[in-house]
Amino acid sequence: VQLQASGGGFVQAGGSLRLSCTASGIVFSIVDTGWYRQGPGKQRELVAAISFSGSTNIRDSVKGRFTISRDNNNNTIHLQMDSLNPEDTGVYFCGVTTIPKTYWGQGTQVTVSS
């Protein structure tokens, strides 16, 4: 299983970024997926998840600003991030959950300046 993430970068507060993650080597349409982040000196945390059926779970601190979506035809998940603030800074990882393990992408850096 391979996950390729893209779309990170540097943006000023209030700006937007769109992250994408494409999976290969897995039956994508039947797995749960999500975006996680790890800020400086912090543990990795769930940002947003989307199940194989399309139900979503969004972290409270990003609700109304971030939107997660998936395209099963292209084995891809997206994270649209709007109204970014410096607290959103970190390395963002996509994850695919199977039994018995979760697979991770390589991470993409998001930096938000004040």
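The values are calculated or read from the model by the stated rules, or taken from the named source; none is laboratory data. Quantities reported herein were computed from a predicted structural model and do not represent experimental measurements. For neighbour counting, all protein chains shown are included, and Cβ atoms are generated from backbone atoms with ideal geometry for every residue, glycine included. Areas reflect the complete protein model, heavy atoms only, side chains present, ligands, DNA and RNA absent. Shrake-Rupley method; radii C 1.70, N 1.55, O 1.52, S 1.80 Å.
The HN-Hα couplings worked out from phi for segment 104-114 by the Karplus form 6.51 cos²θ - 1.76 cosθ + 1.60 (θ = phi - 60°) are 10, x, 7, x, 9, 7, 10, 10, 10, 9, 8 Hz, whole numbers, x standing for Gly and Pro.
Counting charges near Glu45 (Lys, Arg +1; Asp, Glu -1) among other residues having Cβ under 10 Å from its Cβ returns a value of +4. Here the chain is described by how far its Cα atoms reach on the three principal axes: 41, 25, 22 Å, from widest to narrowest. Provide the net charge surrounding Ala23, with neighbours chosen by a C-beta distance below 13 Å and charges set as Lys +1, Arg +1, Asp -1, Glu -1. Net charge around Ala23: -1. Each of Ala48, Thr67, Thr97 was scored by the projection of its Cα onto the charge dipole of the chain, and the greatest displacement toward the positive side belongs to Thr97; charges sit on the C-beta of Lys, Arg, Asp and Glu.
Based on Cα contacts under 8 Å between residues 6+ apart, the chain shows a relative contact order of 36 percent.
How many percent of DSSP beta bridges within the chain run antiparallel, rounded to 5?
The antiparallel fraction comes to roughly 90 percent.
Would you mind working out the accessible area per residue for the chain, using a 1.4 Å probe, and quoting it in Å²?
Working: 5950 Å² over 114 residues.
I get 52 Å² per residue for this part.
Distant-in-sequence amide contacts of Thr89, defined by a placed amide H-H separation under 5 Å and a gap of 5 or more residues or a different chain, comprise Val112.
To put it simply, the accessible area of the chain at a 1.4 Å probe is 48 percent carbon and sulfur.
Distant-in-sequence amide contacts of Phe52, defined by a placed amide H-H separation under 5 Å and a gap of 5 or more residues or a different chain, comprise Asp32, Thr33. The alpha carbon radius of gyration of segment 24-74, expressed as a multiple of 2.2 N^0.38 Å, is 1.26.
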